[in-house]
Amino acid sequence: MDHVDGNALAGPLSELFAVDITAATGRCVNCGLTGPVAELRVYDRAPGLVARCPGCGHVLLRYVRTPDSAWIDLTGTVSLRVRLPDGDEEGRG
Amino acid sequence: MARLAETRRETGTARTLVFDVPGWPGHLAGQHVDVRLTAPDGYAAQRSYSLSAPDRVELTVQRIPDGEVSPYLTDVLGVGDPVEIRGPVGGWFVWRPGAGPDVLLIAGGSGIAPLMAMVRARRLAGSGTRFRLVYSTRTPGDVFYADELRRPEPGLDVTHVYTRAAPDGWPRPPGRLTVDDLGDGPPDRDCFVCGPTGFVESAADMLLARGHDPRRIKTERFG
Ligand SMILES: Cc1cc2nc3c(=O)[nH]c(=O)nc-3n(C[C@H](O)[C@H](O)[C@H](O)COP(=O)(O)OP(=O)(O)OC[C@H]3O[C@@H](n4cnc5c(N)ncnc54)[C@H](O)[C@@H]3O)c2cc1C
Ligand SMILES: [Zn+2]
């Protein structure tokens, strides 16, 4: 099976973040590419989720969920820029 | 917890599932849910499914013959059965009705599901935004929502692309999507591309080659 993309992170990461992270803009440590988290290449059939840069393949995010905790590794990400909901329906989902 | 309320056969291998979900907050066209199945021994499998209608919790699932989750959803789950659903989720691959710019939708196979939510949301909102849908399937028998897509709708232009077998007399020989299938509309449109990963990547490359702005091309890969 091929990879999916960062859209598939929306559900798992909704457990951790109050806002939708897939629409956030991330920046790759390795090549500096910036773009929406939704465009990362995601490998989701492993025990965890691994999200790689579409430009250079570097790992930007790793996520593992166990029955009683969630572990997220963002060392491959320089920054995440999140547009905050303006109080209306933008916050849905 | 969601409960299956109603089902419709879309094709020989795909089924639309309509759920009742108490307390559902509503959603935007293009969002999805995560469905989680748990076996009696505690083993759990989770998959994403797009919401295919703007106003109800409807999913259209294509059976993957050797799949873990989809055959259960298409062939086994019965009306009244409970399913664990998380959502709505996803805030990037969404279309909001309004007086926005023209939209080009490109679907491969079950990738039609979130794009159909957009077509239906446009209709429900009485939006005047012009939509063009290019929908690639193997054969005419694989088309989801076939009757609904056949009905003429002002401002919506639907083009079918068949990759294996076309109806008798169809002008285009069966074959993979090409740049000519995208029509000759102007490149200043919002584009949504959804389907299997390889399909999405080649369609997005065609859009870039035709001069579309990469920031206005949104993609969703089903795997
Ligand atoms: C954001 C998102 C939205 C999605 N929305 C929908 C939707 O609306 N409708 C829908 O039917 N599916 C959708 N999918 C795909 C869905 O999540 C599952 O991947 C699919 O149903 C297969 O799951 P499975 O457990 O049956 O197969 P698995 O057990 O995961 O896979 C079994 C075999 O099938 C192959 N395979 C896996 N997925 C696919 C695929 N999508 N196409 C072709 N071969 C595949 C694999 O190579 C493998 O050999 C979506 C995926 C994502 C990430
Ligand atoms: Zn990179």
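The values are calculated or read from the model by the stated rules, or taken from the named source; none is laboratory data. These figures come from a predicted structure and were not determined experimentally. All Cβ positions, even for glycine, are placed from backbone atoms using ideal geometry, and neighbour counts span all protein chains on display. We work out accessible area using only protein heavy atoms, side chains counted, and drop any ligands, DNA or RNA first. Shrake-Rupley method; radii C 1.70, N 1.55, O 1.52, S 1.80 Å.
Could you sort B:I64, B:I217 by their accessible area in this structure, using a 1.4 Å probe and putting the largest first?
B:I64, B:I217
Hey, got a sec? Which trypsin sites (Lys or Arg not before Pro) in the stretch B:62-166 land in a DSSP loop and have at most 14 other Cβ atoms within 10 Å?
Listed in order of number, the matching sites are B:R138, B:R164.
Classify chain A as rounded, prolate or oblate from the Cα gyration tensor: take a ≥ b ≥ c as the square roots of its eigenvalues, call it rounded if a/c is under 1.5, otherwise prolate when a/b beats b/c and oblate if not.
oblate
Go through the stretch A:6-52 and name the trypsin sites (Lys or Arg not before Pro) that are in a DSSP coil and have 11 or fewer other Cβ atoms within 10 Å of their Cβ.
A:R45
Let a ≥ b ≥ c be the square roots of the eigenvalues of the Cα gyration tensor of chain B; is it rounded (a/c under 1.5), or, if not, prolate (a/b larger than b/c) or oblate?
prolate
Provide the solvent-accessible area of A:T25, counting protein heavy atoms only and rolling a 1.4 Å probe, rounded to the nearest 10 Å².
The accessible area comes out at roughly 50 Å².
Across the residues of B:31-42, average count of Cβ atoms on other protein chains within 10 Å?
Mean partner shielding for this stretch: 2.
Arrange the residues B:Y72, B:Y43, B:Y135 by how much accessible surface each exposes, largest first, with a 1.4 angstrom probe.
The ordering from most to least exposed comes out as B:Y43, B:Y72, B:Y135.
Shielding by partners for B:90-102, please: the mean number of other protein chain Cβ atoms within 10 Å of each residue's Cβ.
Taking all residues of B:90-102 together, the mean is 4.
Using protein chains only and a probe of 1.4 angstrom, how many square angstrom of A:D86 are accessible, to the nearest 10?
For A:D86, solvent-accessible area is about 100 Å².
At 7 Å along Cα-to-Cβ for each site, give me the label-to-label distance between A:D86 and B:R130 in nm.
2.8
Could you grab the Rg to Rh ratio for the stretch B:150-223? Cα atoms only, Kirkwood for Rh.
On the Cα set of the stretch B:150-223, Rg over Rh gives 0.98.
Return, in residue-number order, each cysteine of the protein assembly as shown whose C-beta is not under 4.7 Å from any other cysteine's C-beta.
B:C191, B:C194
Let a ≥ b ≥ c be the square roots of the eigenvalues of the Cα gyration tensor of the stretch B:18-123; is it rounded (a/c under 1.5), or, if not, prolate (a/b larger than b/c) or oblate?
Because a/c hits 1.5 or more and a/b exceeds b/c, the stretch B:18-123 counts as prolate.
Go ahead and set up a Gaussian network model of chain B, Cα springs under 10 Å, then flag whichever of B:R96, B:R189, B:R151 fluctuates most.
The residue that fluctuates most here is B:R151.
In the neighborhood of A:L13, defined by Cβ-to-Cβ distances under 14 Å, what is the net charge if each Lys or Arg adds +1 and each Asp or Glu adds -1?
Residues close to A:L13 contribute a combined charge of -3.
Counting partner chain Cβ atoms within 10 Å of every residue's Cβ in B:214-222, what's the average?
Averaged over the peptide's residues, the number is 4.
Just to verify a number: what accessible area does B:T137 come out at with the full protein assembly present, 1.4 Å probe, Å² rounded to tens?
It works out to around 10 Å².
Could you state the angle between the C-alpha long axis of helix B:112-125 and the longest principal axis of the C-alpha atoms of chain B, as a value from 0 to 90 degrees rounded to the nearest 10?
Relative to chain B, helix B:112-125 is tipped by roughly 80 degrees.
Relative contact order for chain B: what is it in percent, counting Cα pairs under 8 Å that are at least 6 residues apart?
Relative contact order comes out at 19 percent.
Starting from the Kirkwood Rh over alpha-carbon pairs, what translational D in µm² s⁻¹ does the protein assembly as shown have by Stokes-Einstein at 4 °C and 1.567 mPa s?
This corresponds to a translational diffusion coefficient of 64 µm²/s.
For the stretch A:4-79, calculate the relative contact order in percent as a whole number, restricting contacts to Cα pairs under 8 Å that are 6 or more residues apart.
After rounding, I find 27 percent.
Could you work out how far apart the two model spin labels at A:R62 and B:A99 are, taking each label as a point 7 Å from the Cα in the direction of the beta carbon, and quote it in nm?
A separation of 5.1 nm, rounded to one decimal place.
Using Stokes-Einstein with the Kirkwood hydrodynamic radius over Cα pairs, what translational diffusion coefficient do you get for the stretch B:62-127 at 37 °C and a viscosity of 0.692 mPa s, in µm²/s rounded to a whole number?
The calculation lands on 223 µm²/s.
Ignoring ligands, DNA and RNA, please state the percent of accessible area on the stretch B:102-222 from carbon and sulfur, probe 1.4 Å.
Summing carbon and sulfur atoms, their accessible area is 52 percent of the total for the stretch B:102-222.
Could you report the protein assembly as shown's accessible area per residue, 1.4 Å probe, as an integer in Å²?
It amounts to 47 Å² per residue over the protein assembly as shown.
How big is the charge dipole of the stretch A:4-79 about its Cα centre, in debye rounded to the nearest 20, if each Lys and Arg gets +1 on its Cβ and each Asp and Glu gets -1 on its Cβ?
220
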